[in-house]
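Below: the structure, in C-alpha cells.
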Amino acid sequence: MQFTEQMDQRLRQTLIGDDNLMHKFTNAAGDLAVNLVVAAIILAVTLWTAGWLSSLVKRALGRVPGRRGADTTLQNFIGSVVRYGVVIVGLVAILQQLGVQATSILAVLGAASLAIGLAMQGTLSNVAAGVMLLMLRPYRIGDFVEVNGQMGTVRALDLFTTELASPAGLKVVMPNSKVFGEMIINHSSPSTRRMEITIGIDYDDDIETALGIMLETARADDRILADPEPWAQVTSFGDSAVNVTLRAWAATPVFWDVYHHMLTALKTGFAAGGLSIPYPHQVQVEKAAPPVAVSPTAPATGRRSGRRSPQSPPKA
C-alpha cells in the first residue's frame, strides 16, 4: 500500500514537471516567433529607410548650385554612405531584438578588428582611395579620363570601384586603389584644348606657302578660337621632308571633330596649293670597287738550259 502511494506521488510530480516544461517551451517559442516577426519588420523598415534617405540626400545635393551644375559623383558617393550606414544601424537593432546585446557585438568586433583589417586590406584601401577621390575631385561623372592605361568616360564612382565606358563601348571597372595610385589625365576638365598637327612637305616646296595655307585653313573654321590665335612654323627637318606644325585652340566638347576636320582640310589645301607630302624614301649609294693591284712582270733574261754558254769560261 505504501509502495503504491509512493508511485502515485512520483507520477504526479512527473506530470506536473512535464506541464511546467511544456509551458516554458511554449512561452519561449512564442517569444521567439514574436521577436522574429519584429526583426523582419525592422529589416523591411531599415531597407526602405536606407533607400529613401539615400534618394533624399541625392536630391538635396542635386539642388546645391555649382559652377558645373549638380555633382553626380558627390551625390552617388554620399548616397552610398548614407545607405550603408542605415543598414548597419538596422542590423544592430535586429540583433538586439533577437537577444544579442550591443555590448557583446562591439566586444566581438573589437577582438576581431585586427583579423578583419588584415583580411580586408584591399577592400579597406579601396574605401580610403574612394574617400580621397571624392575629396580631391580629379574627375566627375561624365568626364573623359585616362587612368592606369585605360581611357573612357566616367560612369560611376562608389566606395569600392570606378566604372568607365571605353570609346569602344566596353565597361571598364577598376578598384579605387588602382585609380588613386596612378596618374590621372582628365581630358574634359579644361574648357579649351590645343591641337597640334605636323605635316611634312618636300624640300623643294615653298615654306611660306605651306604656312599660309595652314593659317588660312585654321581661321576659316569658326570652331577654331581666335584667342589664342593659330600658330604655324617650321618645327624640324626630317630625312625626306621639312616638318611644318599648326597649333590651334578649340572648345573641349568639339575638339576631336575639329581636329579630324583640320586634317582633311589641310591635305586638300596643300594639294590645291601645289605642295606635296613626300613619301619616306632612302637613297642607296653604290661605290665602285677599287682596282685589283697586279704585280709588274719581270723582263726576260733568257732560258736556262743544260748547255753552257759559249761566253762562259771553261772549267778547270
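Every read-out reported here was derived from the displayed coordinates using simple, explicitly stated rules and does not represent laboratory data. Given the structure is predicted, the values throughout are model-derived calculations rather than measurements.
Just for the Cα atoms in the stretch 225-273, what are the lengths along the principal axes, largest first, rounded to whole Å?
36, 21, 17
Please work out, to two decimal places, the log10 of the ratio I(q)/I(0) at q = 0.15, 0.16, 0.18, 0.22 Å⁻¹ from a Debye calculation in which every Cα of the stretch 192-272 carries one identical scatterer.
-0.49, -0.55, -0.69, -0.98
Give me Rg over Rh for the stretch 138-186, both radii from the alpha carbons and Rh done the Kirkwood way, two decimal places.
So for the stretch 138-186, dividing Rg by the Kirkwood Rh gives 0.90.
Using each residue's phi in the stretch 212-224, evaluate 6.51 cos²θ - 1.76 cosθ + 1.60 at θ = phi - 60° and report the 3J(HN,Hα) Karplus result to the nearest Hz, with x for Gly and Pro.
x, 5, 4, 5, 5, 5, 5, 6, 6, 8, 5, 7, 7
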